[in-house]
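First up is the structure itself, then whatever we jot down about it.
The values are calculated or read from the model by the stated rules, or taken from the named source; none is laboratory data. Fair warning: this is a prediction, and the values are worked out from it, not measured in the lab. Ideal geometry is used to build each Cβ from the backbone, glycine not excepted, and the neighbour counts take in all protein chains shown. Calculation scope for accessible area: heavy atoms of the full protein, side chains included, ligands and nucleic acids excluded. Shrake-Rupley method; radii C 1.70, N 1.55, O 1.52, S 1.80 Å.
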Amino acid sequence: MSCKAAIFDLDGTLLDTLEDIADSVNRVLRARGFPLHQIDAYRYFVGDGSRMLVKRALPENERSDASVERCLSAFKKDYADAWDVRTRPYKGIPELLDCLVQKGVRLAVCSNKPHACTVLCVEKLLNNWHFDQIVGQSGRYPKKPAPDSALAIVNAMGIPPIEALFVGDSGVDMQTAVSAGLLPVGAAWGFRPERELLAKGCRFLARRPLDILQLVG
């Protein structure tokens, strides 16, 4: 294929954010006397936005709209102060981004993380590379797996969907890519298992970031 752009999910794809997310939500739960979760449980809590993350972490009998909103507000405040304690780019991501830029492939980010936080993460931890578009969840577009945000990115870049990769670590990302007509590339180093990626439409499974260079001429 002619690859002119690579669109990346953020959490579990470019950045390993799991520990900071888990620690933050667990602090909110602990303050209210709710049971805590092991870090691995958060691999399945994330991916559908902050509200759903908090709702999944709460006990089933504490998931009223009011309870979720209170805990969501507390999580946003906590996470804003401690989002970068352990969060770092995955091993191999800097080298991948360097190679893509050298080959003239344009970069973008498409995340269900709140938009302001998405921009902050990219600007602080991925500031060695230029991303043409950074789109997080703001209400402007429906959350992934709706294709709207991904299509808005390629449209803004002036690139046909067929000439762009969508790299993500979850079934949600693969569904987004399929719906938008992008090539679905599974990031097997991320939060979700390979079987989920393959079941949801992954057409190229990358077990390490540099594997993606096989798709770039």
Only unsatisfied item for Ala22, checking (1) farther than 20 Å from Leu107 by Cα; (2) modelled with pLDDT under 95, is (2)
Per the filter on the range 155-183, residues over 16 Å from the mean Cα position of the chain (by Cα) and in a helix (DSSP H, G or I) are Asn155, Ala156, Met157, Pro161, Ile162, Glu163, Val178, Ser179, Ala180
Of the residues in the range 86-111, those that are touching a His at 6+ places or on another chain (Cβ under 9 Å) and either at positive phi or part of a helix (DSSP H, G or I) (or both) come to Val101
Subset of the range 112-135, residues open to solvent by less than 30 Å² (accessible area, probe 1.4 Å), more than 26 Å from Gln102 (Cα to Cα) and assigned to a strand (DSSP E or B), comes to Asn112, Lys113
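Picking from Phe45, Phe34, which residue would you name as being open to solvent by less than 60 Å² (accessible area, probe 1.4 Å), over 25 Å from Glu123 (Cβ atoms), at pLDDT 95 or above and within 15 Å of the chain's Cα centre (by Cα)? Even if it seems obvious, please write down each step before you answer.
Working: Phe34 fails: within 15 Å of the chain's Cα centre (by Cα).
That would be Phe45, the only listed residue that is open to solvent by less than 60 Å² (accessible area, probe 1.4 Å), over 25 Å from Glu123 (Cβ atoms), at pLDDT 95 or above and within 15 Å of the chain's Cα centre (by Cα).
Just the residues that are within 19 Å of Asp98 (Cβ to Cβ) and either outside any helix (DSSP H, G or I) or hydroxyl-bearing (Ser, Thr, Tyr) (or both), please, taken from the range 189-217. Give the steps one after another, and end with the answer.
Taking the range 189-217 first, the residues within 19 Å of Asp98 (Cβ to Cβ) are 189, 206, 208-217.
Selection gives Trp189, Ala206, Arg208, Val216, Gly217.
If you check Ala199, Ala180, Ala108, Ala187, which single one turns out to be over 19 Å from Thr17 (Cβ atoms), open to solvent by less than 20 Å² (accessible area, probe 1.4 Å) and not hydroxyl-bearing (Ser, Thr, Tyr)? Explain how you work it out, then say what you get.
Working: Ala199 fails: open to solvent by less than 20 Å² (accessible area, probe 1.4 Å); Ala108 fails: over 19 Å from Thr17 (Cβ atoms); Ala187 fails: over 19 Å from Thr17 (Cβ atoms).
It is Ala180.
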Selection from the range 55-102 of residues in contact with a Lys or Arg (Cβ under 7 Å, 6 or more places away or on another chain) and within 20 Å of Asp211 (Cα to Cα) yields Gly92
When the range 136-154 is checked residue by residue, the ones that are within 26 Å of Ala82 (Cα to Cα), in a loop (DSSP other than H, G, I, E, B) and not basic (Lys, Arg) are Ser138, Gly139
When Phe191 is run through (1) under 16 Å from the mean Cα position of the chain (by Cα); (2) within 21 Å of Cys3 (Cβ to Cβ); (3) aromatic (Phe, Trp, Tyr), the failure sits at (2)
